[in-house]
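Encoded as structure tokens, the structure appears first; notes follow it.
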Amino acid sequence: MAFTAPQFSTLHGTEELVEVLNNEFKVNAIESGHSNYHQLEIDGGRKYIKVWSYLVRGGERISGRSIYMFIDKETKAVYKPASTKAPAKGVRYYLEQLVMFPQKCDQYGSFLYAR
């Protein structure tokens with residue numbers, strides 16, 4: 001699904017990406033016979049939108065959450081986390097790229113490592 005620039009807000013794009021990834025992670029786990037799978041949730045900040053990951057079993061959260069990625073609200077740049085409070089240096093993707101090609105994302109965040 002492609003968006004034009006004025007209609008594509010950072011929060012809207014992030015919500016859409018998280019919804020698609022959550023559905024994909026759950027379906028992949030069910031199809032492969034696994035009872036555990038990762039789910040994502042969004043948390044806003046002043047400069048970045050934080051996307052958190054947590055583990056689910058049978059619809060219940062079974063572990064704490066860890067930071068999955070940071071998204072800059074102004075530029076829509078996606079960063080790998082350096083800690084729970086700050087992203088690593090270097091843009092890894094732009095939000096539009098991930099919304100258009102969500103298959104680039106995996107449930108562990110390894111797609112954010114520089115290659």
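The values are calculated or read from the model by the stated rules, or taken from the named source; none is laboratory data. Quick caveat: nothing in here was measured; it's all calculated off a predicted structure. Positions of Cβ are backbone-derived with ideal geometry, glycine not excepted, and every protein chain shown enters the neighbour counts. Calculation scope for accessible area: heavy atoms of the full protein, side chains included, ligands and nucleic acids excluded. Shrake-Rupley method; radii C 1.70, N 1.55, O 1.52, S 1.80 Å.
Couple of notes before you dig in:
- Identity of the residue in region 1-17, in a loop (DSSP other than H, G, I, E, B) and open to solvent by less than 80 Å² (accessible area, probe 1.4 Å), that ends up modelled with the highest pLDDT: SER9
- Taken over region 14-27, the residue count meeting the criterion of being more than 11 Å from the chain's Cα centre (by Cα) and in contact (Cβ under 8 Å) with a residue 60 or more places away in the chain is 2.
- Residue satisfying all of: in region 68-102; surrounded by 11 or more Cβ atoms within 10 Å (Cβ to Cβ) and under 15 Å from GLU24 (Cβ atoms); nearest to the chain's Cα centre (by Cα) among these: TYR68
- Qualifying residue in region 50-69 (condition: touching an Asp or Glu at 6+ places or on another chain (Cβ under 7 Å) and either among the small types (Gly, Ala, Ser) or under 19 Å from TYR113 (Cα atoms) (or both)): yes
- Residue among VAL99, VAL56 that is among the hydrophobic types (A, V, I, L, M, F, W, C) and in contact with a Leu (Cβ under 6 Å, 6 or more places away or on another chain): VAL99
- Looking across region 29-64, the residues that are closer than 18 Å to TYR79 by Cα, outside any loop (DSSP other than H, G, I, E, B) and touching a residue at least 12 places away in the same chain (Cβ under 8 Å) come down to LEU40, GLU41, ILE42, GLY44, TYR48, ILE49, LYS50, VAL51, TRP52, SER53.
- Among the numbered conditions (1) open to solvent by 50 Å² or more (accessible area, probe 1.4 Å); (2) in contact with a helix residue (DSSP H, G or I) (Cβ under 9 Å, 6 or more places away or on another chain), the only one that GLN39 does not meet is (1).
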